[in-house]
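K.L.:
First the structure, then my questions, so here it is.
The values are calculated or read from the model by the stated rules, or taken from the named source; none is laboratory data. Because the structure is predicted, anything quoted here is derived from the model rather than measured. So basically every Cβ, Gly included, is an ideal-geometry build from the backbone, and we count neighbours across all protein chains shown.
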Amino acid sequence: MHKQQTRKILAMGLLVFLFLVYLIFLERYIKIPCFFHLFTAYYCPGCGITRCLKSILELDFYQAFRYNNLVFILLPVFIIYFLESLLDYLKIKHLNLKRYFNNKFFSIVLIITIIYGICRNIDFFNYLIPTAV
C-alpha cells in the first residue's frame, strides 16, 4: 500500500506541476479547447477551469469565480485533500481531515458536478456560463 500511495502522490504532484507550467508559460501559445463544447455547443462542468485557475494565480478571485464557480468552490477541498495525503505520506503530524474524504463524499461531489453541468446549459441558470467581466 505504501508504494501505491507514493505513486499517487507523485502522479498528483506531476500533474499539478505540468498544469502550472502550462498556465504560466504555455497558455499564451497553446490553447486547449473544450472538445465537449466544440462538438456539442453545450458547456461541460469543466468549461472555464483553465481560465479560472489562471485568474486565481493572478489573484483575480472574482473573475475566477465567474469562469467556473464549482471549481472555485471545490479547489480548497482538493488542496486540503492533497496536503493531507502529502503529510500522511511524509509521516508528519496533521489534523487527519482525510478521514472525511471517503467514497460517499466523492460520490456527492460527482453528483453535484453532474447537476452543475446540466444546470449551466439551462437558460434560467445562464449566470453559470463561463464569462469574462
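K.L.:
Looking only at the range 113-132, count how many residues are part of a helix (DSSP H, G or I), within 22 Å of Phe61 (Cα to Cα) and of a type in the set (Val, Ile, Thr). Steps first, please.
P.N.:
Keep residues of the range 113-132 that are part of a helix (DSSP H, G or I), which gives 113-119, 123-128.
Within this subset, residues satisfying the condition of being within 22 Å of Phe61 (Cα to Cα) are 113, 116-117, 125-128.
Okay, now just the ones that are also of a type in the set (Val, Ile, Thr), so 113.
Residues in the range 113-132 being part of a helix (DSSP H, G or I), within 22 Å of Phe61 (Cα to Cα) and of a type in the set (Val, Ile, Thr): 1 in total.
K.L.:
Between a residue in the range 27-48 that is within 15 Å of Ile129 (Cβ to Cβ) and any residue that is basic (Lys, Arg) and modelled with pLDDT of 85 or more, which pairs come within a Cβ distance under 9 Å, given they are 6 or more apart or on different chains?
P.N.:
Tyr42/Arg120; Tyr43/Arg120; Cys44/Arg120; Pro45/Arg120; Cys47/Arg120; Gly48/Arg66
K.L.:
To continue, here is another question. Restricting to the range 13-43, what's the tally of residues that are at pLDDT 80 or above, more than 21 Å from Pro76 (Cα to Cα) and under 16 Å from the mean Cα position of the chain (by Cα)?
P.N.:
Going through the range 13-43 one residue at a time, the tally reaches 1.
K.L.:
How many residues, within the range 52-110, are charged (D, E, K, R), modelled with pLDDT of 80 or more and not in a helix (DSSP H, G or I)?
P.N.:
Count: 2.
Results for (1) loosely packed, with under 14 Cβ neighbours inside 10 Å; (2) closer than 23 Å to Phe105 by Cβ; (3) touching a Cys at 6+ places or on another chain (Cβ under 6 Å), shown as yes or no for each residue.
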residue	(1), (2), (3)
Leu20	yes, no, no
Phe25	yes, no, no
Lys31	yes, no, no
Leu38	yes, no, no
Tyr42	yes, no, no
Val71	no, yes, yes
Val77	no, yes, no
Ser85	no, yes, no
Tyr89	no, yes, no
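K.L.:
Based on what the data block shows, is Ile56 out of contact with any strand residue (DSSP E or B) (no Cβ under 6 Å at 6 or more places or on another chain) and buried (at least 17 other Cβ atoms within 10 Å of the Cβ)? Break it down into steps so the answer makes sense when it comes.
P.N.:
Working: out of contact with any strand residue (DSSP E or B) (no Cβ under 6 Å at 6 or more places or on another chain): yes; buried (at least 17 other Cβ atoms within 10 Å of the Cβ): yes.
Yes.
K.L.:
Can you find a residue that is touching a Lys or Arg at 6+ places or on another chain (Cβ under 6 Å) and under 16 Å from Ile118 (Cβ atoms) anywhere in the range 42-49?
P.N.:
Within the range 42-49, one or more residues are touching a Lys or Arg at 6+ places or on another chain (Cβ under 6 Å) and under 16 Å from Ile118 (Cβ atoms).
K.L.:
What is the number of the single condition among (1) surrounded by 12 or more Cβ atoms within 10 Å (Cβ to Cβ); (2) outside any loop (DSSP other than H, G, I, E, B); (3) of a type outside the set (Ser, Thr, Tyr) that Gly46 does not meet?
P.N.:
If we test Gly46 against (1) surrounded by 12 or more Cβ atoms within 10 Å (Cβ to Cβ); (2) outside any loop (DSSP other than H, G, I, E, B); (3) of a type outside the set (Ser, Thr, Tyr), just (2) comes out false.
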